[in-house]
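Trainee: Quick one: this structure, given as structure tokens, is what I'll be asking you about.
What follows draws every value from the coordinates through simple rules; no lab data is involved. None of the values given here were measured: they were computed from a predicted structure. Neighbour counts run over all protein chains shown; Cβ positions are idealised from the backbone, glycine included.
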Amino acid sequence: MKPLRITALLTLAAASLLATACKKSHNTAGSSGGVSLLNVSYDPTRELYVEFNAAFAKHWKEKTGQDLKVEQSHGGSGKQARAVIDGLSADVVTLALAGDIDAVAKSGALPADWEGKLPDHSSPYTSTIVFVVRKGNPKGIKNWDDLVKPGIGVITPNPKTSGGARWNYLAAWAWASKEYGGDEAKVKDYITKLFKNVPVLDSGARGSTTSFAQRGLGDVLLAWENEIALLQKEFPGQTEVVYPSLSIIAEPPVAVVEKNAAAHGTTEVATEYLKYLYTPEGQEIAAKNFYRPRDAKVADKYAKNFPALTLVNIRDDFGGWERAQKTHFADGGTFDQLYGK
Amino acid sequence: MSRRRIIPGFGLSLGYTLTYLSVIILIPLVALFMKASQMGWADSVKLLKSPGIVAAAKLSFGASAIAALCSSVLGLLIAWVLVRYRFPGRKFFDAMVDLPFALPTAVAGITLSQIYSTKGWVGKYLAQGAQWVKEHHAPGGWIGGWVDTISQRGAAYSSIGVFIALFFIGLPFVVRTVQPVMEDLSKDTEEAAATLGAGRWTVFWRVIFPSILPALITGFTLAFARAVGEYGSVIFISGNLPLKTEILPSLIISQLEQFKYESAAVIAAAMLVVSFVLLFLINLLQRRLNWRTR
């Protein structure tokens with residue numbers, strides 16, 4: 001019987017090890033009297049938050065004398081939301097779509113009315129969808145109607161797998177909607193033609209950028225404005241940006257994950273952290289990282305980086321994320337119907 | 001302890017084995033099936049019958065099977081050369097066989113699509129070749145369809161691209177399962193066959209092949225199973241066109257993106273069941289072969 005007892009002991013030891021490992025994964029009061037926050041964000045905000053975290057930690061130290069360490073987690077927005085739902089102990093979430101935070105809210109980690117807790121629907125910076133074309137714009141692409149011409153290759157990720165791609169689709173829809181005076185048959189026809197011109201649907205935005213810039217696929221890439229700087233740094237002199245007559249305003253939202261923050265005792269610092277995004281300093285960092293700031297003064301300062309264009313928003317034109325998601329991207333929604341044609 | 005066992009520590013190792021199997025494999029799989037069962041039978045069937053899933057399932061299982069078959073043929077050849085011939089750089093090539101195991105699959109996918117797209121080193125010539133065939137022979141039917149696709153897209157961003165990626169990741173499985181068996185083959189039987197007047201082909205077909213066939217089938221099974229679940233390398237080269245080049249794992253991710261855990265679990269569970277049945281049948285076949293050759 002002896003070997004069996006050893007087994008039992010080993011199993012127990014392993015189990016207790018596992019339990020302690022889980023417990024210590026997040027402790028609020030570190031040895032030096034410091035505090036830590038976990039910011040779960042999406043992919044392209046990596047550089048933005050490295051800079052912002054340093055600035056905020058300095059601000060927090062001056063204000064409270066407390067050392068603050070902000071940890072970052074990045075990945076696809078939907079994937080990040082699922083991680084938080086499944087127990088990744090985030091204090092704040094800064095994601096790409098309101099729908100992703102809504103999903104976290106549905107799990108009970110934060111109240112459903114999170115969007116009203118901070119100014120501008122809880123989105124401190126914005127971005128928009130623009131066109132990236134080859135140097136010299138050989139195909140003369142100026143606006144959305146050029147994208148459906150025969151022989152034009154349009155590169156966009158698949159809206160079913162990429163949150164970013166949903167903005168591309170909605171921007172195209174919004175333009176067509178205005179252009180055809182809301183005639184839905186014509187709008188649908190436009191979208192169908194548009195996706196006929198898409199040779200590959202990558203699963204995410206980075207994949208699309210690679211397809212377009214590195215593999216030389218297609219003539220125009222639908223991309224987030226904040227990704228363009230990166231693209232031009234990676235592939236200098238190969239591409240240029242075209243601003244269409246109309247696009248959609250993408251509003252990446254932020255929220256305190258109240259349940260986790262309360263458990264960690266970080267509610268105050270987490271709230272302050274997000275509010276700091278709205279201060280001139282926070283806005284400045286957003287603008288430097290090619291996100292459009294909300295603050296008018298900062299926006300003026302960086303105006304040359306952000307040409308003015310007509311922007312529709314998802315609340316007024318699509319009835320909010322939940323409705324847009326259901327109508328367009330859910331299984332059997334408009335995208336599925338039009339693509340199957 | 002009435003009987004003494006040759007290897008000590010049976011209790012310990014059995015306990016470890018059972019704990020390991022349940023924590024690492026059984027519990028996650030049970031959880032998956034439990035999640036899937038939340039959806040209800042009618043809804044599950046409806047989901048699995050939807051055109052997108054059916055198309056993706058055909059592509060996933062079809063391309064995996066073809067890729068595993070090709071891996072088997074080429075893997076056998078590679079193993080043969082590595083075992084039977086001595087040439088400079090053999091050790092180097094031998095080590096190289098394992099590289100697809102070590103390479104992150106996304107890197108493999110990006111690299112492959114780079115090479116096989118119309119602008120890539122290989123894809124460029126494939127496209128030109130396909131164009132030539134199209135102009136001079138104008139083949140019809142599904143061959144014509146393939147030629148058409150290759151001339152437009154190289155070999156990437158089509159079901160051919162999916163096949164290439166699955167072939168790439170499957171190959172080492174076959175080589176590494178067949179190789180040791182080949183090394184253990186005694187030359188005596190071959191020599192005996194030769195003295196009895198068998199030609200080289202007969203020796204291979206009647207003597208060597210039957211004894212490595214079980215290992216070859218194992219290699220095929222491993223390559224096939226891996227290919228069915230493969231995600232990273234395929235999504236880059238497939239182009240992810242709904243109804244055309246989407247693979248099942250990509251559809252599961254797409255369900256998860258919509259926070260539909262149950263649907264994702266249903267597709268995954270269905271995939272596992274089909275795979276299990278196929279693998280089980282292959283195993284049965286292998287048992288019979290093993291029994292026959294003994």
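Trainee: Per residue of A:72-82, what is the mean number of Cβ atoms on other protein chains within 10 angstrom of that residue's Cβ?
Mentor: Whole-number average of other-chain Cβ neighbours for A:72-82 is 2.
Trainee: Name the residue from B:L26, B:G52, B:V97 whose Cα lies farthest towards the positive end of the charge dipole of region B:17-97, charges +1 on Cβ of Lys and Arg and -1 on Cβ of Asp and Glu.
Mentor: Checking the options against the dipole of region B:17-97, the answer is B:V97.
Trainee: Okay, next question. Which percent of the Cα-Cα distances in chain B go past 23 Å?
Mentor: Tail fraction, whole percent: 67.
Trainee: Where a Cα-Cα gap under 30 Å defines reach, which lysines qualify for B:K91, not counting those fewer than 8 residues away within the same chain?
Mentor: Qualifying lysines at Cα under 30 Å: B:K187.
Trainee: What is the dipole size for chain B, taken about its Cα centre, with +1 at each Lys and Arg Cβ and -1 at each Asp and Glu Cβ, in debye to the nearest 20?
Mentor: 600 debye
Trainee: While we're looking at this one, here's another question. Provide a whole-number value for the mean count of partner chain Cβ atoms within 10 Å of the Cβ atoms in peptide A:196-206.
Mentor: Mean inter-chain Cβ contacts per residue within 10 Å come to 5.
Trainee: Suppose every Lys and Arg Cβ carries +1 and every Asp and Glu Cβ carries -1, with no other charges. What dipole size does the protein assembly as shown come out with about its Cα centre, to the nearest 20 debye?
Mentor: 2260 debye
Trainee: Excluding same-chain residues fewer than 8 positions from A:K58, which lysines have a Cα within less than 22 Å of its Cα?
Mentor: A:K69, A:K275, A:K288
Trainee: With runs of 4+ DSSP H residues as the only contributors, calculate the mean residue ellipticity of chain A at 222 nm using -39,500 (n - 2.57) per run, divided by the residue total and rounded to the nearest 500. Mind showing how you got there, number by number?
Mentor: Values: 16 runs with 157 residues, N = 341.
Helix-only estimate at 222 nm: -13500 deg cm²/dmol.
Trainee: Can you give the direction-averaged projected area of the convex hull of the alpha-carbon atoms in region A:153-199, in nm²? The partial results should precede the final answer.
Mentor: Working: hull surface 12.5 nm².
Over every viewing direction, the Cα hull of region A:153-199 projects on average to 3.1 nm².
Trainee: Let me ask something else. Calculate the spin-label point distance for A:K178 paired with B:A106, positioning each point 7 Å from the Cα along the beta-carbon direction, and give it in nanometres.
Mentor: Reported label-point gap for B:A106 and A:K178 is 3.5 nm.
Trainee: If I take R0 = 30 Å and measure r between the Cβ atoms of A:E51 and A:N143 in this structure, what FRET efficiency does the formula 1/(1 + (r/R0)^6) give, to the nearest 0.05?
Mentor: Details: r = 34 Å, r/R0 = 1.15.
Calculated value: 0.30.
Trainee: Now for a different question. Cα-Cα over 22 Å: which of A:K196/A:K233; A:K61/A:K259; A:K149/A:K196; A:K160/B:K58; A:K79/A:K106?
Mentor: A:K196/A:K233; A:K61/A:K259
Trainee: Return the aspartates and glutamates within reach of A:K117: Cα separation strictly under 19 angstrom, same-chain partners fewer than 8 residues apart disregarded; answer none if there are no such residues.
Mentor: In chain and number order, the partners are A:D91, A:D100, A:D102, A:E251, A:E258, A:E268, A:E272, A:D295, A:E322.
Trainee: Given region B:216-280, what whole percent of its Cα pairs are spread farther than 18 Å?
Mentor: Across region B:216-280, Cα pairs with separations above 18 Å total 45 percent.
Trainee: What's the whole-number percent of alpha carbon pairs in region B:187-232 lying beyond 18 angstrom? Don't skip to the answer; put the middle values down first.
Mentor: Values: 496 of 1035 pairs.
Summing the P(r) of region B:187-232 above 18 Å gives 48 percent of all pairs.
Trainee: Convert 37 °C to kelvin, take the viscosity as 0.692 mPa s, use the Kirkwood radius over C-alpha pairs of chain A as Rh, and evaluate the Stokes-Einstein diffusion coefficient in µm²/s, rounded to a whole number.
Mentor: D, rounded to a whole number, is 151 µm²/s.
Trainee: What Kirkwood Rh does region A:231-318 have if only Cα atoms enter the pairwise 1/r average? Answer in Å.
Mentor: 15.8 Å
Trainee: Which FRET efficiency value, to the nearest 0.05, do you get for B:W201 and B:L26 by plugging their Cβ-Cβ distance into 1/(1 + (r/R0)^6) with R0 = 41 Å? List each step's numbers first, then the result.
Mentor: On the way: r = 48 Å, r/R0 = 1.16.
With a Förster radius of 41 Å, E is 0.30.
Trainee: Taking every pair of distinct Cα atoms and averaging 1/r, then inverting, what Kirkwood hydrodynamic radius in Å comes out for the protein assembly as shown?
Mentor: So the Kirkwood estimate lands at 28.1 Å.
Trainee: Can you tell which of A:A105, A:S177, A:S73 lies farthest toward the positive end of the dipole of chain A, using +1 and -1 charges on the Cβ of basic and acidic side chains (Lys, Arg; Asp, Glu)?
Mentor: Looking along the dipole axis, the top candidate is A:S73.
Trainee: Quantify how strongly other chains surround peptide B:249-261 by giving the mean number of their Cβ atoms within 10 Å of each of its Cβ atoms.
Mentor: The shielding value for this peptide is 6.
Trainee: Taking the Cβ-Cβ separation of A:N305 and B:K134 as r and a Förster radius of 30 Å, what is the calculated FRET efficiency to the nearest 0.05?
Mentor: After rounding to 0.05, the efficiency reads 0.05.
Trainee: Then there is this: If you project the alpha carbons of region B:146-294 onto the principal axes, what extent comes out on each, in Å, largest first?
Mentor: Cα spread of region B:146-294 along its principal axes, largest to smallest: 66, 39, 21 Å.
Trainee: Could you state the number of Å between the C-alpha centres of region A:242-309 and region B:152-170?
Mentor: Between the Cα centre of region B:152-170 and that of region A:242-309, the gap is 42 Å.
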